[in-house]
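Student: Dropping a structure here in structure tokens format, bear with me for questions.
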Amino acid sequence: MIEFRNLGLIEPILKAVHSEGYTTPTPIQVEAIPKVLARQDLLASAQTGTGKTAAFALPILQLLSEKTLNSQGNHPREIRALILTPTRELASQIGDSFSNYGRGLSLRNTVIFGGVGQHSQVNAIRKGVDIVIATPGRLLDLMNQRRIRFNALEIFVLDEADRMLDMGFIHDVRRIIAAIPKTRQTLFFSATLPPEIHKLSSQILHNPSRIAVTPPSSTVELISQGMYYVEKSKKTSLLIHLLADPKVTRALVFTRTKRDANRVTESLMKSKIRAAAIHGNKSQNARERALDSIKRGETRVLVATDIAARGIDIDEVSHVFNYDIPNVPESYVHRIGRTARAGNQGTSVSLCAGEERRFLSDIEKLIKKRVPALKTPEGLMADVKKKGRPGDGSGGRHHRNPHRSHRQH
Ligand code: AMP
């Protein structure tokens, strides 16, 4: 078995990795770390949860520390690595990872994102940092104001490139790339490679090494998946019922809309379930409070929209609930991948209303697996069954649904 010490990492980094409690490198780390240390460009398909942050952060820290420009110095520090990532949560987490993994080195990083005042960010840059982790909008603002320069940039990481496209950031990303030095090492991470992202990668990478871990269509074997057919109007009652199970120690509930996230959270709180919502309309402070409280165990249930949840790093999520079935099948894979991390078991439960069955069928095609239908709990049964559950012989209104025939339980 390959160990961290076989990857060419220096002692202070090995020590930091050890104190993070990592015993063995993940597959993407095994592949990426030696390549990044050898100064190669990288095109990596990997999603959150694979250990991709350490896969780029560890070798970047090492490369920068090998040639620490003037740490005692007469000259101010200059930015030598830039990591662009789509959300503020991801940026903060990546910043924390750099700080943790680099605690034995004398490198500095700072995080730049919108939604908060720029003053402290500008100050941090003025004092001098080696590594900047940024979301595109605010970074571009600061570049346009000439408050940040990348003359000494050596390494550029584009994280979650496909999500940048989904979130409408791709033009900002292109503008940033056009303004940074052309001679550099570039590491490109994207869970999927839609044509526009593929094109961008081919324009900015030089002879990249390709790495693909856990193809985006795969779902982790350790996740036990199930689904309930339920009327839309009964979903909240069913969710409350399911959350009463003491096995649900820490749950993420996904909703498609911000409105649903708020509505569901309120209903849970009325039922004395400790819950918080996280989505794009919340202030940065509110989002961080929600994240902290679930990490500390004060909140048991976090209700999130897909974009807000992307990349948030919460360990030991016992259950993921899909309050609705995502219409983009890859989102399902991303959602349920928030549980069963680091070798733990996890459970994913989907609440599927009649009109969502076609989404479920797309998901099953992608994951090449059936999501078994579970028996709807007593009490909610009648309401659910009344309308006819596929395969239950009750002949409800979805009788002609083409997906009905293959769904037995
Ligand atoms: P990421 O894919 O970068 O979001 O990482 C997912 C989670 O895995 C984070 O909580 C990391 O702290 C954790 N992690 C990263 N590398 C390892 C490793 N080699 N062993 C155990 N956990 C890890």
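The values are calculated or read from the model by the stated rules, or taken from the named source; none is laboratory data. None of these values were measured; they are calculated from a predicted model. Cβ atoms come from the backbone with ideal geometry, glycine included; neighbour counts cover every protein chain shown.
Per-residue answers, yes or no, for (1) modelled with pLDDT of 95 or more; (2) in contact with a helix residue (DSSP H, G or I) (Cβ under 8 Å, 6 or more places away or on another chain); (3) surrounded by fewer than 20 Cβ atoms within 10 Å (Cβ to Cβ):
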| position | (1), (2), (3) |
| --- | --- |
| Thr50 | no, yes, no |
| Glu66 | no, no, yes |
| Gly73 | no, no, yes |
| Ser97 | yes, yes, no |
| Val111 | yes, yes, no |
| Gly115 | no, yes, yes |
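Student: If Val213 satisfies every condition in (1) at pLDDT 95 or above; (2) closer than 22 Å to Pro86 by Cβ but one, which is the exception?
Tutor: Status for Val213: all satisfied but (1).
Student: Is it the case, given these coordinates, that Pro34 is more than 12 Å from the ligand (Cβ to nearest atom), part of a helix (DSSP H, G or I), surrounded by fewer than 20 Cβ atoms within 10 Å (Cβ to Cβ) and not assigned by TED's automatic domain parsing to the domain that holds Gln284?
Tutor: yes
Student: Show the residue pairs meeting these rules: Cβ distance below 8 Å; 6+ apart or different chains; first residue within the stretch 47-68 and touching a residue at least 60 places away in the same chain (Cβ under 8 Å) and among the polar types (S, T, N, Q); second residue within 8 Å of the ligand (Cβ to nearest atom) and not in a helix (DSSP H, G or I).
Tutor: Thr48/Gly311; Thr48/Asp313; Thr50/Thr26
Student: Please state which one of Glu11, Glu20 is surrounded by fewer than 24 Cβ atoms within 10 Å (Cβ to Cβ), within 13 Å of the ligand (Cβ to nearest atom) and among the acidic types (Asp, Glu).
Tutor: Glu20
Student: Which ones in the stretch 99-130 are within 16 Å of the ligand (Cβ to nearest atom) and over 25 Å from Ser283 (Cβ atoms)?
Tutor: Of everything in the stretch 99-130, those that are within 16 Å of the ligand (Cβ to nearest atom) and over 25 Å from Ser283 (Cβ atoms) turn out to be Asn100, Tyr101, Gly102, Arg103.
Student: State yes or no: is Leu84 within 27 Å of His171 (Cα to Cα), touching a residue at least 24 places away in the same chain (Cβ under 8 Å) and crowded, with 22+ Cβ neighbours inside 10 Å?
Tutor: For Leu84, the condition - within 27 Å of His171 (Cα to Cα), touching a residue at least 24 places away in the same chain (Cβ under 8 Å) and crowded, with 22+ Cβ neighbours inside 10 Å - is met.
Student: Here's another thing I want to ask about it. Would you mind finding the one in Ile79, Ile60, Ile133, Ile83 that is within 26 Å of Gln40 (Cα to Cα) and touching a Gly at 6+ places or on another chain (Cβ under 7 Å)?
Tutor: Result: Ile133 is the single residue among Ile79, Ile60, Ile133, Ile83 that is within 26 Å of Gln40 (Cα to Cα) and touching a Gly at 6+ places or on another chain (Cβ under 7 Å).
Student: All but one of (1) at pLDDT 90 or above; (2) assigned to a helix (DSSP H, G or I); (3) within 16 Å of the ligand (Cβ to nearest atom) hold for Glu356; which doesn't?
Tutor: So Glu356 meets the others, but not (3).
Student: Another question about this same structure. Which fully enclosed helices (runs of 4 or more DSSP H) of the stretch 245-336 have 1 or more residues being modelled with pLDDT under 90, away from the ligand (no atom under 16 Å from the Cβ) and surrounded by 23 or more Cβ atoms within 10 Å (Cβ to Cβ)?
Tutor: In the stretch 245-336, 284-295, 329-336 are the helices (runs of 4 or more DSSP H) which contain 1 or more residues that are modelled with pLDDT under 90, away from the ligand (no atom under 16 Å from the Cβ) and surrounded by 23 or more Cβ atoms within 10 Å (Cβ to Cβ).
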